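Take a look at the structure set out below.
The values are calculated or read from the model by the stated rules, or taken from the named source; none is laboratory data. All figures in this text were calculated on a predicted structure; none of them were measured in a lab. A quick note on method: Cβ atoms are made from the backbone with ideal geometry, for glycine too, and the neighbour counts reach across all protein chains shown. Please note that ligands, DNA and RNA were not included when accessible areas were found on the heavy atoms of the full protein model with its side chains. Shrake-Rupley method; radii C 1.70, N 1.55, O 1.52, S 1.80 Å.
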Amino acid sequence: MTILQRVYAKQSRIFYTAGPLEILDVPPPPGCAFREFTAEDFRAGAIFLERDRMAKFARRLAEGHRCFGHVDAGGEVASYLWYTRCGVAVPWALHIPLHLAAGEAYIWDCRTKADMRGRGLYPSGLQNLRKSAGSHGVSRLYIDCEPDNEASIRGIERAGLAAFHRMDACRLGFLRFIRSPGGLPHSARSGIWPGQLLKQAKTNN
Ligand SMILES: CC(C)(COP(=O)(O)OP(=O)(O)OC[C@H]1O[C@@H](n2cnc3c(N)ncnc32)[C@H](O)[C@@H]1OP(=O)(O)O)[C@@H](O)C(=O)NCCC(=O)NCCS
């Protein structure tokens, strides 16, 4: 990280949504199975690269987040997606908190192992989470990604989620700013509510 990056950083994100959530029958790609991950998966999975991954898993679980994904025929973790329900503040871009209302869920921090990419694991995982969310009373699902992440955008759109808002987050020293076309009522300090962004997007259209 350069000195400039320590002082200044910027991230743009596009928000996508799906809802009301229909129950989809989504078979996993051949040879793969979709399930929730445990601490043991985190300990063994080569996909979980970070040195502090066990602490991260425990912390996220304690905060109410859950991790799902595919394992391949040999039981190796091939993809993962983090999933969150209402009442949990997610550390969004540049550690700005993201809040969910009742009946909402958010998917974040997703990855497919490099040698398993391009086989549809990501859209399959997203659709499986839609299915599971829908059957657990969630009526709206959100995800966001960087505007130049073509692979992610293609997977999200293939899973049937639609783009509704773009937002720029910026860090200058200890300060955080959010720039949103249309002057939406969000401050970096109190965090963002995707449900409000969606409401505003609908009002504008
Ligand atoms: C984004 C990501 C999760 C997609 O996972 P995936 O399981 O490969 O998803 P898909 O199989 O649907 O492929 C999606 C797109 O990736 C691209 N792709 C295909 N094969 C690829 C490969 N071998 N390597 C990289 N990208 C590939 C294609 O554009 C594909 O779309 P297409 O099939 O319509 O041409 C994965 O690329 C990844 O882990 N990236 C790094 C982390 C990341 O960006 N996470 C998303 C944050 S929101």
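So the values come out like this:
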{"quantity": "Arg6-Asp115 pseudo-label distance in nm [points 7 Å out on the Cα-to-Cβ vector]", "calculated": "3.8"}
{"quantity": "Centre separation in Å (Cα based) which lies between the stretch 186-201 and the stretch 118-146", "calculated": "21"}
{"quantity": "Sites matching chymotrypsin sites (Phe, Trp or Tyr not before Pro) across the stretch 110-205 that sit in DSSP coil, with at most 11 neighbouring C-beta atoms within 10 Å", "calculated": "Phe174"}
{"quantity": "Alpha-carbon centroids, the stretch 149-175 and the stretch 23-100: separation in whole Å", "calculated": "19"}
{"quantity": "Given charges at beta-carbon only (K, R positive; D, E negative), |dipole| of the chain in Debye", "calculated": "580"}
{"quantity": "Gain upon complete extension [His136, Val26; 0.36 nm per residue less C-alpha separation]", "calculated": "37.9 nm"}
{"quantity": "Arg35 paired with Ala89, simple spin-label distance in nm, labels 7 Å along Cα-to-beta-carbon", "calculated": "3.5"}
{"quantity": "Relative contact order of the stretch 40-140, defined on C-alpha pairs under 8 angstrom at six or more residues apart (%)", "calculated": "22"}
{"quantity": "Cα-based helix-to-principal-axis angle, 121-135 vs the chain, degrees rounded to 10", "calculated": "80"}
{"quantity": "For the stretch 1-141: accessible area per residue (Å², 1.4 Å)", "calculated": "49"}
{"quantity": "Cut-off of 10 Å, at most 13 other beta carbons, DSSP loop: longest stretch of the chain lacking such GluC sites (Glu not before Pro)", "calculated": "64-205"}
{"quantity": "Degrees between helix 194-204 axis and first principal axis of the chain (Cα, 0 to 90, nearest 10)", "calculated": "60"}
{"quantity": "Solvent-accessible area, 1.4 Å probe, carbon plus sulfur percent, for the stretch 15-108", "calculated": "58"}
